[in-house]
């Protein structure tokens, strides 16, 4: 804060009168989608689609701001969210292909992947990738959110909020070097494009070459321009685009031998880093429009077009005709597999927001209509086992090359959804906050299969389609005490159309989610700290289960989860921040299919009462960060983190358990501007993840991966 006073003027009687005192500077109020000051956001639109204080939102919402991302040296989206309660990563170990993330035990890396309020459509193999350098913040909704967002998973969603043009000029350049041979450079420039600041622009660019664990490539070229036109305070239009080209590897699985539960895991990659690749180019073009007719009525529309082109290949034992067990003695036998895929999608969301006051009761009404369409065309082909790809586990040699298999079949999936929703946020006096919403969706899915080998389609490959309609609801009540304590209760539902076939060859009915949640949020008056606690009962109905011995699935599963989340974001002093979280997630399979017991005719078994796969009961984390404010160490900052993941099961039969593991992170940085004004804006940071280099194995449905090994990255940053 800056205090400005004019000169003093002498008055009769010996008194002195000061000219008017003006107080200027930045306050603590964040905007719902803008920059976060420090580690604690005060507002978010993720849970309501309106600008709402987090302390008045009757559901669990977590926000990760730019400062936290930089202090922790985040390079991927899973790294960004792994200190949040109820959020687990590493469910398939180290996997550079996808953002493997679960919330409250349910994967959100496909239908829970949102960017700027719109879903990033997933393919059958490929997914849109998001670069953290392009983001201003990350908002996390926990629990079903279908009323506002349509088809989604019961666990919730993650909304990645992009950087947008600013009224004030700014410039940032970064350069980094990683211990795995990773080199990166980026530029972020923003500011007004005309004198009256009605036209503003921003350009974020980034280039990266190098490798990560297991010699996997980590190359990226990205250009993300955006322009905002704001002719008046009431109207704003932002047009943005992203062009991004990535290359990584497509099979980070490690070798295993033996059947469950006596599986032997080797620190040997099952594919070959020279043969293996996943190359992807993605394009996104969208706009965000808002116009306020007056203080009580405004309209918004967000839309985006997305296109993705991916091709991949890798070595694997999973090719037709391979020997049972994949081994001959100590030699792992491999063939090759190729995948290519295009994903095209559009989303448009139109909203009308109206504010009405009737005495002490204030309503914020939201009416919306959104439409989503996506089409995925996925081709696959294999070549049989070849001696050239044999891998001796006693003397593994890599650096192989060979032909790419021809595409032998293609699966096309088309999804359409139209949703109509309404929400009323009611504020009674200064304390009661009530939110209620309803939505109706119309969803269409088609699935087509094409063979290029001249053989006829089987019964499980015939074209099929399905139409569904669904209502979704939510309601929440929160009471905000004057002392900063805000208890709340809420209820919400979700639905998710399936794109897998049932035993009759048709598409399965949608999965449904339902959650009851009770919690409390606490922000001590006058502080920037935030404490939250939540207990939830979450149920997924019609969960799909593969039918053993067939290519079909069945929508007969059900999972019930009871959980408790504790979170603290504490600002102990200027420059001293602490993040701590704990999640207890007791998930149980309550409905399942009966399957025959091998070797026991007439006997059947199921997984009722078991724990779902890769769903730990206990997770906890803490990050402590301190920047010296005075003295010889002024401008020097240090941070340290610890992440604990409890044991989990490899599969739903619960015969093989992944051990619990604990990983440590750390960071240090220095602001050179504290030493010399000529170096103002120059900082150097060094961040390390998994300090102990613990490559804890994680197995998922019979495939095993290792956790990402120790990685150290140094980043030089210049900002003005």
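Taken as a whole, the structure leaves residue 587 outside the set of residues that are in a strand (DSSP E or B), crowded, with 16+ Cβ neighbours inside 10 Å and without any contact (Cβ under 8 Å) to a residue 60 or more places away in the chain. Residue 294 meets each of the listed conditions (1) without any contact (Cβ under 8 Å) to a residue 24 or more places away in the chain; (2) assigned to a strand (DSSP E or B) apart from (2). Summed over the range 50-70, the residues that are assigned to a loop (DSSP other than H, G, I, E, B) and either surrounded by fewer than 19 Cβ atoms within 10 Å (Cβ to Cβ) or free of Cβ contacts under 8 Å to residues at least 40 places away in the same chain (or both) give a count of 1. Of 450, 493, 411, 446, all but one fail to be within 30 Å of residue 60 (Cα to Cα), in contact with a strand residue (DSSP E or B) (Cβ under 8 Å, 6 or more places away or on another chain) and outside any loop (DSSP other than H, G, I, E, B); the exception is 493.
From the list 566, 572, the lone residue that is at pLDDT 90 or above, exposed (fewer than 14 other Cβ atoms within 10 Å of the Cβ), under 30 Å from the mean Cα position of the chain (by Cα) and in a strand (DSSP E or B) is 572.
Among the numbered criteria (1) surrounded by fewer than 24 Cβ atoms within 10 Å (Cβ to Cβ); (2) part of a strand (DSSP E or B); (3) out of contact with any helix residue (DSSP H, G or I) (no Cβ under 9 Å at 6 or more places or on another chain); (4) in contact (Cβ under 8 Å) with a residue 40 or more places away in the chain, which one does residue 186 miss? Failed condition: (3).
Within the range 193-205, one or more residues are surrounded by fewer than 21 Cβ atoms within 10 Å (Cβ to Cβ) and either within 30 Å of residue 474 (Cα to Cα) or within 22 Å of the chain's Cα centre (by Cα) (or both). Checking each residue in the range 326-367 for being in contact (Cβ under 8 Å) with a residue 60 or more places away in the chain, under 29 Å from residue 271 (Cα atoms), assigned to a loop (DSSP other than H, G, I, E, B) and more than 34 Å from the chain's Cα centre (by Cα) picks out only 330. A single member of 400, 478, 457 is surrounded by 17 or more Cβ atoms within 10 Å (Cβ to Cβ) and either without any contact (Cβ under 8 Å) to a residue 12 or more places away in the chain or within 30 Å of residue 378 (Cβ to Cβ) (or both), and it is 400.
Among the numbered criteria (1) modelled with pLDDT under 95; (2) over 23 Å from the mean Cα position of the chain (by Cα); (3) within 22 Å of residue 75 (Cα to Cα), which one does residue 253 miss? Result: residue 253 passes all but (2).
The strands (runs of 3 or more DSSP E) found wholly in the range 108-182 and carrying at least 3 residues that are touching a strand residue (DSSP E or B) at 6+ places or on another chain (Cβ under 7 Å) and farther than 26 Å from residue 287 by Cβ occupy 170-178. Of all residues in the range 167-181, those satisfying the criterion of being surrounded by fewer than 19 Cβ atoms within 10 Å (Cβ to Cβ) and either within 18 Å of residue 718 (Cα to Cα) or within 23 Å of the chain's Cα centre (by Cα) (or both) are 168, 169, 170, 171, 172, 173, 175, 177.
In the set (1) touching a residue at least 40 places away in the same chain (Cβ under 8 Å); (2) farther than 29 Å from residue 679 by Cβ, the condition left unmet by residue 196 is number (1).
The values are calculated or read from the model by the stated rules, or taken from the named source; none is laboratory data. Since we're looking at a predicted model, the values are computed, not measured. Cβ atoms come from the backbone with ideal geometry, glycine included; neighbour counts cover every protein chain shown.
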